[in-house]
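The values are calculated or read from the model by the stated rules, or taken from the named source; none is laboratory data. In this text the structure is predicted, and so the values were computed from the model without any measurement. Here the Cβ positions follow ideal geometry from the backbone for every residue, glycine too, while neighbour counts run over all protein chains shown. Side chains are part of the model used for accessible areas, which takes the heavy atoms of the whole protein and leaves out ligands, DNA and RNA. Shrake-Rupley method; radii C 1.70, N 1.55, O 1.52, S 1.80 Å.
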Amino acid sequence: MKIGVDSWFALPLQVAQPGYPHIVEIDYPTDVQQTLGISIYEPGSRRAVVDVGLTTSADNVAENPGVATYRLTFWPKSTTPILVLADQDSNRVAMVGAVRVLAGPDRLGSPEAQLPAEGRLLAAYLTTPLFPELFSATSDVDPQSGRKLRDWVTFFDGAKRLIQVLRYRGYNGAVIPVLADGGSLYPSRVLEPTPLYDDGVFFATAQDPMQKDVLEMLLRMFDSEGLRLVPSIKFTGTLPILEAKRRLGGNSSINLVNTAGKRWRPQPGSFGVGTHYNPLDQDVQAAMRAVVSELSRRCASHASFAGVAIQLDPLSYATFPGPDWGSDDATLIRFMASQTESNSKQLSEQQLRQEWLAWRADRLADMYHEMIENLRRDVPRAKLYLLGSQLLDTPQVKNASAATRAPDGLTASSTLLSFGINVERIREKGVVFLSPRQKGPVLSSQVDLDQAWGAEYARLFGQHAESETGSLLHYPIQVFDVTTLAGKLPIKGVAQTTRTRVGETGALRRRGLAQGLAALDSQAIFDGAWQTPGDDRLWRDNMAIYRQLPEMKFETISPPVGSKTQPVVARRGVRGSKVFFYLVNDSPHPVVTKIGFAGRPTLKLKSLSTTNLPRFVMTERGPTLPLTLRPYEIVGIEASEPNARIVRWETEVDQLVLRTQRQNLLRLKQ
């Protein structure tokens, strides 16, 4: 079935048992470029209770051209939900095949064998504290106002369903916002959160008179399931201690001021943004450190607690809105004093500006260093993660990249520095700054910065003496106009827009995980497309291999001089008496590679996936393991001998692929 450009198709679903997990299966062609929005509406709900999407791009590899199946898990609230399929590509029609609804069991199961609790962190990356709404968790109705409000059952049901999906999809952890937009999921002595996310205080029955400690509930549930939890915070709300000092008027440096002397004010329509303090001010930094310390102490006794993540956003005071901010008199005096001490020569205006940007970034790095030191005192095993993908998903960055088209003068370092971020400086004390990999479809008017800055990302976020590596697979939210739904669905007041996080399918679904290993040896990967199913066996094998790799830095194996090894990357790691290897095909094409091992004659290799390894082939140069790696495939190996090593390998790429690549290069040069 074809769905016309900017059109939609609605299909009523028949559900016998609301409240239990169901799976919607949607067949689609693998070799047709399209972007399809998938929404599920419930009677009486203005907005979709499920809002996801899939894309098959021109670069998608149809390894087996034909029909694939997208499987969406949801918990229906009624017997008559409505599925809406919408074409979200203004240049192409969408194509789908059969649609099926499968009633699931009482509880989703885990399809793979039980994996060890230790290993690398593959976490679902949530962007809203309202996780219960992602799974249509039950809510209670206030008898006086008629409003649907969130009680303990709402959050408990939501957490149970989240854990089921994590297990079902193969993740061993989650990143969940617990402080954002002025609201929180835990009571606090250093905050005064609004009831934005915990609105149970509005029950006329006073059944929830105090704020619920949803964070504590999540930690206990993750403890029992052997999962890892990373609470994330976004500094956009007011802090009581700073507001008190503002009222007293003793420290004007708390306020964020630009070079024109104008104080920062939230833009109209900036949801949940209360203020933007000056992060260079010492009182502001102390208040921010107190928030992180309180959070870590609350979580310290839980085995599931894996660290704290801080969202870096231009609208938050964890960074700056741009290069001109932080210029109040007191801060400028501190900056000029530092220049007098370090520079005796006269600087040009441009040189002084660069010194200013570097000084700002150094002061923020010092703050994050103090945060991680405090965190390690409370919980030695915990980590401080910085999530900077929102900095690159801003209008100023998108407009700048669109203007340059080939961003030679626009680098990741200079862009982040304009927000007050020096990645290399921050990582000096062990802060884990995740590489912000932008995924999903790129508009024709924009530059694919993930591709343009790939080499710089490897340098900035790659292996570091003091810090672990990690990748954040960020899929920007796309807003689509669905005003034509109004009056067509049996629902009053349907919202005019949808906010869809479109995930990749096929081989491209595996790309983020493969690139995170190949480029960075990532010890943690946060996946923003966790709701997009990767149902093929190879995707599940990649996830299982990644989770079994020890959470340590692996040694990159250098091939012998003259060997043709690209695009395969090989690494080795030793943990106690165990030796691990992994190989990654970091390309959209299948390759054949032959791996030569050195070790005792009794050497045996064990696969870390459900796919068995082929037998050794004995050659005159020693035992050789022949492998065929599909696009973005990972092979994980555990060796039986502690002295096992890879001493050589050769990779062959199909000649047709090479000819196609040469033709593409020639076209680019013309």
### Task
Kindly check whether there is at least one residue in region 422-438 that is modelled with pLDDT under 80 and open to solvent by 10 Å² or more (accessible area, probe 1.4 Å).
yes
### Task
Taking the options Pro626, Pro588, Pro560, name whichever one is modelled with pLDDT under 90 and surrounded by 13 or more Cβ atoms within 10 Å (Cβ to Cβ).
Pro588
## Note on the structure
Thr565 passes all but one of the listed conditions (1) without any contact (Cβ under 8 Å) to a residue 60 or more places away in the chain; (2) surrounded by 17 or more Cβ atoms within 10 Å (Cβ to Cβ); (3) more than 18 Å from Glu638 (Cβ to Cβ); the exception is number (1)
### Task
Give the residue, chosen from Ile525, Ile545, that is touching a residue at least 12 places away in the same chain (Cβ under 8 Å) and assigned to a helix (DSSP H, G or I).
Ile545
### Query
Do we find that Pro279 is assigned to a loop (DSSP other than H, G, I, E, B) and either open to solvent by 60 Å² or more (accessible area, probe 1.4 Å) or free of Cβ contacts under 8 Å to residues at least 40 places away in the same chain (or both) in this structure?
no
### Query
Would you say Ser413 is at pLDDT 80 or above, open to solvent by less than 10 Å² (accessible area, probe 1.4 Å), closer than 27 Å to Asp586 by Cα and out of contact with any Pro (no Cβ under 6 Å at 6 or more places or on another chain)?
no
### Message
Pairs please, first residue from region 160-173 and open to solvent by less than 10 Å² (accessible area, probe 1.4 Å), second anywhere and assigned to a helix (DSSP H, G or I) and β-branched (Val, Ile, Thr), Cβ atoms under 9 Å, 6+ apart in sequence or on different chains.
### Response
Tyr171/Val165
### Query
Condition test on Gly534, is it open to solvent by less than 10 Å² (accessible area, probe 1.4 Å), modelled with pLDDT under 85 and either more than 24 Å from Ile372 (Cα to Cα) or in a loop (DSSP other than H, G, I, E, B) (or both)?
yes
### Hits in region 136-159 (condition: open to solvent by 20 Å² or more (accessible area, probe 1.4 Å), in contact with an Asp or Glu (Cβ under 9 Å, 6 or more places away or on another chain) and of a type in the set (Gly, Ala, Ser))
Ser139
### Query
Any idea which of (1) open to solvent by 60 Å² or more (accessible area, probe 1.4 Å); (2) within 20 Å of Pro559 (Cα to Cα); (3) in contact (Cβ under 8 Å) with a residue 12 or more places away in the chain is the one Thr602 doesn't satisfy?
(2)
### Message
Return the residues of region 296-338 that are assigned to a helix (DSSP H, G or I), surrounded by fewer than 24 Cβ atoms within 10 Å (Cβ to Cβ), at pLDDT 90 or above and of a type in the set (A, V, I, L, M, F, W, C); say none if nothing qualifies.
### Response
Ala330, Leu332, Ile333, Phe335
### Query
Scanning for something among the hydroxyl-bearing types (Ser, Thr, Tyr), in contact (Cβ under 8 Å) with a residue 12 or more places away in the chain, surrounded by fewer than 16 Cβ atoms within 10 Å (Cβ to Cβ) and farther than 20 Å from Arg501 by Cβ, does region 111-134 turn up at least one residue?
no
### The one condition in (1) open to solvent by less than 10 Å² (accessible area, probe 1.4 Å); (2) within 30 Å of Leu629 (Cβ to Cβ) that Glu25 fails to fulfil
(1)
### Task
With the checklist (1) within 30 Å of Ala544 (Cα to Cα); (2) assigned to a loop (DSSP other than H, G, I, E, B); (3) not basic (Lys, Arg) in hand, flag the one item Ala174 doesn't pass.
(2)
### Query
Which condition breaks for Gly512 when tested against (1) more than 28 Å from Val67 (Cα to Cα); (2) within 21 Å of the chain's Cα centre (by Cα); (3) in a helix (DSSP H, G or I)?
(1)
## Note on the structure
Note on region 462-479: residues open to solvent by less than 40 Å² (accessible area, probe 1.4 Å) and outside any loop (DSSP other than H, G, I, E, B) are Gly470, Ser471, Leu472, Leu473, His474
## Note on the structure
Of Gly636, Gly573, Gly622, the only residue that is of a type outside the set (Lys, Arg) and over 33 Å from the mean Cα position of the chain (by Cα) is Gly622
### Query
Here are Asp89, Asp142: which of them is modelled with pLDDT under 90 and within 27 Å of Val479 (Cα to Cα)?
Asp89
### Message
What's the total number of residues in region 222-264 that are assigned to a loop (DSSP other than H, G, I, E, B), surrounded by fewer than 21 Cβ atoms within 10 Å (Cβ to Cβ) and β-branched (Val, Ile, Thr)?
### Response
2
### Task
Name the residue, out of Thr619, Thr610, Thr593, that is open to solvent by 70 Å² or more (accessible area, probe 1.4 Å), polar (S, T, N, Q) and on the phi < 0 side of the Ramachandran plot.
Thr610
### Message
Quick check on my filter: what residues within region 348-403 are at pLDDT below 90, farther than 30 Å from Pro476 by Cα and buried (at least 17 other Cβ atoms within 10 Å of the Cβ)?
### Response
none
### Query
Across region 197-221, which residue is surrounded by the most Cβ atoms within 10 Å (Cβ to Cβ) among those that are without any contact (Cβ under 8 Å) to a residue 40 or more places away in the chain and aliphatic (A, V, I, L, M)?
Val201
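Yes/no matrix, rows are residues, columns are (1) of a type in the set (Phe, Trp, Tyr); (2) modelled with pLDDT of 85 or more; (3) over 23 Å from the mean Cα position of the chain (by Cα):
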residue: Ala16; (1), (2), (3): no, yes, yes
residue: Val24; (1), (2), (3): no, yes, yes
residue: Tyr28; (1), (2), (3): yes, yes, yes
residue: Asp31; (1), (2), (3): no, no, yes
residue: Ser39; (1), (2), (3): no, yes, no
residue: Ala68; (1), (2), (3): no, yes, yes
